[in-house]
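K.L.:
Got a structure for you, written out below as structure tokens; questions coming shortly.
What follows draws every value from the coordinates through simple rules; no lab data is involved. Owing to the predicted nature of the structure, the values given are computational and were not obtained by experimental measurement. Quick reminder, even Gly has a Cβ in these numbers, built from the backbone with ideal geometry, and neighbours come from all protein chains shown.
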Amino acid sequence: MTETDFTVIENIKLCGDVFKMILKTENPQDVICGQFINISIPCRNDLILKRPFAVMDSDKGKKTVTICYKVVGKGTDSLSRLKGGEVLSGVYPLGNGFKLDGSHKTVLLLGGGIGIFPLFSVFKCYPDKKYHTILGFKNKESVVLSGDFEQFSKELLICTDDGSMGAKGFITDSLKRNIDRIKPDIILCCGPSQMYKPLKDFMSGYDIPVYVSLEERMACGIGACLVCNCAVTENGKQHYKRVCKDGPVFNLKEVAL
Amino acid sequence: MADLKVKLCGVTFKNPIIAASGTFGFGREYAEFYNISELGGISTKGLTLKRREGNPPPRIAETTSGIINSVGLQNPGVDAFIENDLNWLKQHNTVIIANIAGDTEEDYCKMAEKVSAAGVDMIELNISCPNVKKGGLAFGSDAVSIKSITAAVKQSISGGIPLIVKLSPNVTSISAAAEAAQAGGADCISLINTIGAMAVDIKSKRPVLANVFGGLSGPCVKPVALKMVYECSRAVTIPIIGIGGITCAQDVIEFMLCGATAVQVGTANLSSICASKKIIDDLNAYCDDNKIKITDIIGGLIV
């Protein structure tokens, strides 16, 4: 882990409000898939907190870190206007990340909206797995990176809320139709928080581990300030864990929804 | 290397930079980034007699040049701190300040007994946390209760460990609060704690924080804090630790000119993990460049 400067190499619009940014650092680190980077917003003294983004790709040799983000507020709006050569401060790699072992041969990735970005990092970390991927988007216009996911997946299923591309409906609908055929050893998931409750309910009928990457308003990003907590249930007792340090990846079973 | 040493109530700090309570945990997370022995001191995460889970999320809202938090004193409890964290902290060459918060006067006294027996360098009385219903602020909002809680806790401390009383800015008169702490036997005061605040989400028409109210901190509170530190420095003779929106060496110098002997850096640690370390480096350069020692600055404001 380090706090270091990054230079913007590339900052391009993928579609709508979604951008891809490649950053370069002279202090590259090893990153586990699902970990994140907390970055400052340059030239905005009014925005004092760093912003957390999943590391979508990283290359220690090339000293690069790639993130994708959606413009949702002042911070991401300012980020989207950065040009190549501009410098920002970043802390990385943070959080626990997705962990797979030898028993996980068939992996099902479930990604909703901008939640697809952390999942992309899994392919490179664990290249020898058989991946089935289900990605959900609002509509055809908001579909991004489908080609990239297709390249690494044995099978890619797309669904959209309005049916304008792929199957109509939510990821959980697609999961219900396909899980018995895919027979995954593990499911890795990231998406809007409202999908986790139906997912948890449905998966309670299966003995398949499901790991989700959570999001919460964050500050330090290293586990000290305790502002980004989420409720978990352990041994029948509910308490808080830090999304930034104990997560962002949690076993869906223990997440209190 | 300039002389950055300051002395507070007989305790020597290698420099005037103290990590503020609630932004630094017990130091472990920051120790993964830099040597926390470089700090003048560390004020621990606010401790309570029993473990506290804190408030539900969201616990933070960013506002213009500031943040509003409502963590609600989540901590493992004073016994767990002593058992699991204090010895680790003691391995570092920095002043350890136990920040304690209670629901009742009895809680405060019990904790003061425990942490003084366990051996901390100083105790900071948190009577100004705006994020818990009972205790905290209830003790810090009027002069009579500030004096009586300070006196009671002072009696519970063994070994002559100095007592710092952390003052709330959410009062009518900060100098009256400072005088009350001094009258109760405080060895030092620290101020300001966060300012009561809230944030609203116009899309959901709901407060951003689950707790509705929180405490404002960060650069936006610095002018308020400077004024209050200056007012207190004229009202009391005990030393003052200045707190409020410090992000750089210049801010530290401003607080020291206004009468602070040392300062606490809080929110800046969240903006930049290595902020406190950089402030110390910059203070060192400032004193070298000006050929002064840090204590030359204290109370030097020309009015």
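K.L.:
Taking the Cα centre of chain B as origin, work out the dipole magnitude from +1 charges on Lys and Arg Cβ and -1 charges on Asp and Glu Cβ, in debye rounded to 20. Don't skip to the answer; put the middle values down first.
P.N.:
Values: 27 positive and 28 negative charges, 103 e Å.
That gives a dipole near 500 debye.
K.L.:
Further, regarding this structure: Of B:240, A:106, B:200, which is farthest on the positive side of the dipole of the protein assembly as shown, counting Cα position, with +1 on Lys and Arg Cβ, -1 on Asp and Glu Cβ, and the Cα centre as origin?
P.N.:
In the protein assembly as shown, that residue is A:106.
K.L.:
Moving to a separate point now. Which value, in debye to the nearest 20, describes the size of the charge dipole of the stretch B:1-93 about its Cα centre when Lys and Arg Cβ atoms bear +1, Asp and Glu Cβ atoms bear -1, and nothing else is charged? Don't jump to the answer; show the numbers that get you there.
P.N.:
Values: 10 positive and 9 negative charges, 51 e Å.
That gives the stretch B:1-93 a dipole magnitude of about 240 debye.
K.L.:
If neighbour count is taken as other Cβ atoms inside 10 Å, put B:43, A:78, A:164, A:121 in order from fewest to most.
P.N.:
Values: B:43 28, A:78 17, A:164 14, A:121 23.
Fewest to most other Cβ atoms nearby, the residues stand as A:164, A:78, A:121, B:43.
K.L.:
Give the lysines reachable from residue B:7 as a straight Cα distance under 22 Å; neighbours fewer than 8 places away on the same chain don't count.
P.N.:
Output for residue B:7: B:90, B:154, B:166, B:277, B:278, B:291, B:293.
K.L.:
Mind checking A:212-219 for the average number of partner chain beta-carbons within 10 Å of each residue's beta-carbon? All intermediate terms of the calculation are to be shown ahead of the outcome.
P.N.:
Details: counts 0, 0, 0, 0, 4, 9, 2, 11.
The per-residue average across the peptide is 3.
K.L.:
Right, here's the next one. Quick one: Cα centre-to-centre distance for the stretch A:51-66 and the stretch B:1-58, in angstrom?
P.N.:
Comparing the Cα centres of the stretch A:51-66 and the stretch B:1-58, I get a distance of 31 Å.
K.L.:
May I ask you to list the lysines whose Cα is less than 26 Å away from that of residue A:130, ignoring any residue fewer than eight positions away on the same chain?
P.N.:
Straight-line reach from residue A:130, under 26 Å: A:60, A:99, A:105, A:154, A:168, A:176, A:183, A:200, A:253.
K.L.:
Something else: Roughly how many nanometres apart are two label points built 7 Å out from the Cα toward the Cβ at residue B:290 and residue A:194?
P.N.:
So the two model labels end up 5.6 nm from each other.
K.L.:
Can you work out the FRET efficiency for the pair residue B:205 and residue B:302, with r the C-beta to C-beta distance and R0 = 60 Å, to the nearest 0.05? Walk me through the numbers on the way to the answer.
P.N.:
Details: r = 50 Å, r/R0 = 0.83.
The formula returns an efficiency of 0.75 here.
K.L.:
Between A:227, A:122, A:31, where does the largest GNM mean-square fluctuation fall for chain A, given springs only between Cα atoms within less than 10 Å?
P.N.:
Between A:227, A:122, A:31, it is A:227 that shows the largest mean-square fluctuation.
K.L.:
Considering chain A, which cysteines have no disulfide-compatible partner, defined as another cysteine with its Cβ under 4.7 Å away?
P.N.:
Within chain A, the cysteines lacking a partner Cβ under 4.7 Å are A:15, A:43, A:68, A:159, A:189, A:190, A:228, A:230, A:244.
K.L.:
Simple spin-label model, 7 Å along Cα-to-Cβ: residue A:86 to residue B:28 in nm?
P.N.:
3.8 nm
K.L.:
What percent antiparallel are the DSSP beta bridges of the protein assembly as shown, to the nearest 5? Numbers along the way, then the final one.
P.N.:
Values: 57 of 106 bridges.
Here the antiparallel bridges make up roughly 55 percent for the protein assembly as shown.
K.L.:
Let me spell out the model: positive unit charges on the Cβ of Lys and Arg, negative unit charges on the Cβ of Asp and Glu, origin at the Cα centre of the stretch A:2-94. What dipole size does that give, in debye rounded to 20? All intermediate terms of the calculation are to be shown ahead of the outcome.
P.N.:
Working: 13 positive and 11 negative charges, 45 e Å.
About 220 debye.
K.L.:
Additional query: Normalising by the residue count of the stretch A:106-213, find the relative contact order in percent from Cα pairs under 8 Å and 6+ residues apart. Show your work: numbers first, answer last.
P.N.:
Numbers: 184 pairs, mean separation 34.1, N = 108.
Rounded, it is 32 percent for the stretch A:106-213.
K.L.:
Okay, moving on. Once fully extended, how much extra length lies between residue A:27 and residue A:201, figured as 0.36 nm per residue of separation less the alpha-carbon to alpha-carbon distance?
P.N.:
Values: separation 174, 0.36 × 174 = 62.64 nm, distance 4.31 nm.
Difference between extended and current length: 58.3 nm.
K.L.:
Here is a follow-up. Charges on Cβ only, +1 for Lys and Arg, -1 for Asp and Glu, centred on the Cα centroid of the stretch A:2-94; of A:45, A:80, A:35, which one is farthest towards the dipole's positive end?
P.N.:
Positive-end residue among those listed: A:80.
K.L.:
Highest GNM mean-square fluctuation, chain A, Cα pairs closer than 10 Å: which of A:224, A:54, A:167?
P.N.:
Per the Cα network of chain A with a 10 Å cutoff, A:224 tops the list.
K.L.:
Also, quick follow-up: What is the extension gain from residue B:281 to residue B:213, computed as 0.36 nm multiplied by their sequence separation minus the C-alpha to C-alpha distance, in nm to one decimal? Walk me through the numbers on the way to the answer.
P.N.:
On the way: separation 68, 0.36 × 68 = 24.48 nm, distance 3.60 nm.
Residue separation times 0.36 nm, minus the Cα-Cα distance, leaves 20.9 nm.
K.L.:
Can you tell which of B:62, B:124, B:113 shows the greatest fluctuation in a Gaussian network model of chain B with Cα springs below 10 Å?
P.N.:
Of the options given, B:62 has the highest mean-square fluctuation.
K.L.:
Please give the Cα centre distance for the stretch B:256-275 versus the stretch B:181-236, rounded to the nearest Å.
P.N.:
14 Å
K.L.:
Then there's this: Could you pull out every residue, at least 5 positions away or on a different chain, whose amide H is within less than 5 Å of the one on residue A:57? Hs are placed 1.01 Å off N in the peptide plane, and Pro or chain starts have none.
P.N.:
A:66
K.L.:
Across the stretch A:163-217, what fraction of all alpha-carbon pairs, as a whole percent, falls in each successive 10 Å bin from zero upward?
P.N.:
In order of increasing distance, the bins hold 20, 55, 23, 2 percent.
K.L.:
In addition: What is the gain in length, in nm to one decimal, between residue B:142 and residue B:117 on full extension, counting 0.36 nm per residue of separation less the C-alpha to C-alpha distance? Mind showing how you got there, number by number?
P.N.:
Working: separation 25, 0.36 × 25 = 9.00 nm, distance 2.96 nm.
Taking residue B:142 through residue B:117 to full extension adds about 6.0 nm, to one decimal.
K.L.:
Moving to a separate point now. Along the charge dipole of chain B, which of B:55, B:184, B:81 sits closest to the positive end, that is, farthest toward it, with unit charges on the beta carbon of Lys, Arg, Asp and Glu (+1, +1, -1, -1)?
P.N.:
Farthest towards the positive pole: B:55.
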